[in-house]
Amino acid sequence: MQLNSFDEWSPLREVVVGSAENYETHERELSFDLFFHDNIARDNAFRSEWYYPRLSARGADGKGGAGRRLPIKERYVAELNEDLEGIVKTLEGLGVTVHRPVAVDATTVEVRTPAWSASVVPPLNVRDNTLILGNEVIETPPMIRSRYFETQFLKPIFQEYFRQGARWTVMPRPFMTDASFDLSYVRGSATAGGPTEPVEDPQPSPYDTGFEMMFDAAQCLRLGRDIVANVSTANHALAVDWLERHLEGRFRVHRVHHLSDSHIDSMVLALRPGTLLVRSEDVADRLPEALRAWDLIVPPAPESDNFPRYDDDDLILTSPFIDLNVLSVDPDTVLVNDACPELMRKLEEHGFTVVPVRHRHRRLFGGGFHCFTLDTVRAGGPEDYLG
C-alpha cells in the first residue's frame, strides 16, 4: 500500500514494530541524561544530588559524548523480545500488515561522528525519530547521541514506500556537541515535571554551532491537518520552526509549551475524533483551546502492582504513566498493556474494545505500544478536526 497516515486512530493497515535484538547497554552521557532527566531523577534509588556526570568527561580520544555504559540484564532483553513478538502476532491477528526494521548486528557496538562517539541503540522505539504526515516520511533530528543513525535501520521500509510515491525528507542533522543543548530545563525552568538537579560546565568543541534542532516525532500529536507539538527547549523550538515552514499550506502546527520534558504520548493521546486519553485534567488545560472541548478520559493512577520489581542497579527510564502509551487499531479498538486492569476498565466504560497485550519491562526500555510502533498506513485523510 502507499504511505498514508494522518492521525492516531483511523483503521490501521500497515505498521512498523521495533526491534530490541542485541540491546546490551544504556550509555549514561549528557544527551541521555537530558532526555530522561525527570524519570532518572525521580525513580532510581541510587541517585545522589550530583547524580549527573560532569560534562567535562571525555573519551580517550578527547571527543565528547563518552559516557558510562550500564549493562542491561539479559533476562530483561529476552522477555522484551518475547513481548515484541506478542505485539506483532496480535496486530497480524487484527489484519494489520507488520514491517520490522533491520536488526543491529552484534558486532556493531559504537557509532562515531566528528564530534563524539556513543554506543548503539537498536531501533526499538521507532515512533521517536520518524514523523509520518500523510504521504511523507520525515526523519527528525535525534535527541540522544546513541540513536543518531537509528533511522538507517528502517531504510528498506522507507525506500519501498518511496518507490510507491511517498515523499521522504530528512530534517537537518545536529552536531550534538555540548553547546548544542539548551540546558535551561535542567537549570530550573518550570515544566509539568519540575526542575531537579542542575547540569553544569558544558565544554567547547571545534564543531560548536550553538543551539541546534533536536526534536522527536513523539513530541507530536497528529490530528488530520493539525499537529500539536510540545516545545520545552530552544532545540525543540528550532525544529518546530522548520516544521512550520516545511509544512506551510499542508498542515497547521500548534505549539504547546512545557507539557513534558519531551514526548507527548504518555501525557495525551487522541483515541478518536472528540476523545482524548489524558494523564490529568491539568494536561488538558495546556492544550489548544479547540481540544479542551473534547471528551477527556482520565484513568486512575497506576498501581504499583502493575509493574515488575527491579533491583537498585536497574535504570528506570519512564514514569508509571507509561501505560497511557496505548495504540489505537481503529476508532473503537485499543491495544492496552494486560498489566493495567484499571486502564482497561476505564476505556471499556467509554465504549472501547480493549485488546490486552503483554509488555513487562516498559519502564526499563523507555516505551509503550505507541512508542514501539510506527503506523505507516491508516485509512484516514487530512480532515479538519480543530476548525
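The values are calculated or read from the model by the stated rules, or taken from the named source; none is laboratory data. Fair warning: this is a prediction, and the values are worked out from it, not measured in the lab. FYI the Cβ positions are ideal-geometry reconstructions off the backbone, even for glycines, and counts take in every protein chain you see.
When each of Arg309, Arg345 is tested for being over 21 Å from the mean Cα position of the chain (by Cα), on the phi < 0 side of the Ramachandran plot, without any contact (Cβ under 8 Å) to a residue 60 or more places away in the chain and in a loop (DSSP other than H, G, I, E, B), the lone residue that passes is Arg309. Restricting attention to the range 105-149, the residues that are modelled with pLDDT under 95, part of a loop (DSSP other than H, G, I, E, B) and of a type in the set (A, V, I, L, M) total 8. Looking across the range 73-124, the residues that are in contact with a strand residue (DSSP E or B) (Cβ under 7 Å, 6 or more places away or on another chain), closer than 26 Å to Asp178 by Cβ and aliphatic (A, V, I, L, M) come down to Val109, Val111, Ala115, Ala118, Val120. Each residue in the range 12-47 was checked for being part of a loop (DSSP other than H, G, I, E, B), modelled with pLDDT of 70 or more and out of contact with any Gly (no Cβ under 7 Å at 6 or more places or on another chain), and 7 of them qualify.
Residues of the range 312-339 that are in contact with a Leu (Cβ under 9 Å, 6 or more places away or on another chain), among the hydrophobic types (A, V, I, L, M, F, W, C) and assigned to a loop (DSSP other than H, G, I, E, B): Leu315, Ile316, Leu317, Val326. For the range 270-278, the criterion of being in a strand (DSSP E or B), crowded, with 20+ Cβ neighbours inside 10 Å and touching an Asp or Glu at 6+ places or on another chain (Cβ under 6 Å) is satisfied by at least one residue. Within the set Trp50, Trp9, the sole residue that is at pLDDT 75 or above and among the aromatic types (Phe, Trp, Tyr) turns out to be Trp9.
Scan the range 107-151 for residues that are on the phi > 0 side of the Ramachandran plot and among the charged types (D, E, K, R) and jot them down. Listed by number, the list is empty, since nothing qualifies.
Total residues in the range 83-104 satisfying the condition of being touching a residue at least 40 places away in the same chain (Cβ under 8 Å) and assigned to a helix (DSSP H, G or I): the figure is 7.
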